[in-house]
Structures are given as structure tokens and as C-alpha cells.
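The values are calculated or read from the model by the stated rules, or taken from the named source; none is laboratory data. This is a predicted model, so every value here is computed, not measured. In this analysis, Cβ positions are derived from the backbone assuming ideal geometry, glycine residues included, and neighbour counts consider all displayed protein chains.
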Amino acid sequence: MSDTLIGVIIGGVIGSIAPFSTLVLGHYRWKREAKLEYLKAERIRLEGLFEKTLAKLAEGMKKGSYSSDMTSDIVVLMPKEVSEKYWEFITDKDKTELKQKHAYMDLAVEMKKALASLDSDIRKVVS
């Protein structure tokens, strides 16, 4: 093989490193930004859902009747921990006012924990 051909091959390899590294870094940046946008949107979605659900839950506790719309939101759309706390409350036969207040607080705490977890995930992506 001639020295010129080897020089051309080595030059081509060296010349292709910059575009390839730019492509890899661009993909990494895009992936990071997409994850950040998803986490922010998920936080906004859950925050609205939690607010709506807590209002419906308080109303349901006053009436002693819980809407199936609210129940399906809790079971399907919310984190598992929130759903578990809700089922603990619903399956309890003795729903005194004090137990209702504790259940409301427990659900609110689990919801805030889910938001705090998303906030932590967002901080990890940003930093």
C-alpha cells in the first residue's frame, strides 16, 4: 500500500471524528432535554390531578359517597402508593371523622411525595 493511500485513510478517520462526536453529543443533549420536558409535563399533570382528586375526596367524605370517576383516577392514573392508601381507607368499615381526616392526610402526603420525587428527578437531569 502506498504512503499516500495510508495518509488519506488516516486523514479520513481523523476528519470523521469531529462530526461523529458532534452527532453523539447532540443525541445525548436531545435525550436529556426530552426527558426533562417529559418530567415537567408529568409533574404538571399529576399536580392538577392531585388537586382535583383531593377536592373530590373531601366532598365524598362529607357525603359518605365516593365518585367512581375519582376512584378510577386514583387506581389507574396515580402512583401505586396513593392507590394503596385509598384502598386501605375505602375497605375500612368504620369510617369515623377522625379516620377520614387521617386518610385524607395520608393521601395528601403520598401525593406530595410523588411530586417531590419528580422534583428530585428533574434536579438530577438539570444538574
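Here's the yes/no breakdown for (1) among the hydrophobic types (A, V, I, L, M, F, W, C); (2) in contact with a strand residue (DSSP E or B) (Cβ under 8 Å, 6 or more places away or on another chain); (3) under 24 Å from SER120 (Cα atoms):
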position: THR4; (1), (2), (3): no, no, no
position: GLY12; (1), (2), (3): no, no, no
position: ALA18; (1), (2), (3): yes, no, no
position: THR22; (1), (2), (3): no, no, no
position: TYR28; (1), (2), (3): no, no, yes
position: GLU33; (1), (2), (3): no, no, yes
position: GLU37; (1), (2), (3): no, no, yes
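Going by what's in this entry, would ILE9 be described as hydrophobic (A, V, I, L, M, F, W, C), at pLDDT below 95 and exposed (fewer than 10 other Cβ atoms within 10 Å of the Cβ)? Full working, then the answer.
Details: hydrophobic (A, V, I, L, M, F, W, C): yes; at pLDDT below 95: yes; exposed (fewer than 10 other Cβ atoms within 10 Å of the Cβ): no.
No.
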Counting only residues that are basic (Lys, Arg), under 17 Å from LEU107 (Cβ atoms) and surrounded by fewer than 15 Cβ atoms within 10 Å (Cβ to Cβ), region 25-62 contains a total of 2
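Looking at SER127, SER117, SER65, which is the one that is under 30 Å from TYR28 (Cβ atoms), out of contact with any helix residue (DSSP H, G or I) (no Cβ under 7 Å at 6 or more places or on another chain) and at pLDDT below 95? Spell out how you get there, then give the answer.
Working: SER117 fails: at pLDDT below 95; SER65 fails: under 30 Å from TYR28 (Cβ atoms).
One residue alone meets the criteria, SER127.
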Check every one of the helices (runs of 4 or more DSSP H) wholly within region 1-115 and list those with 3 or more residues that are among the aliphatic types (A, V, I, L, M).
3-63
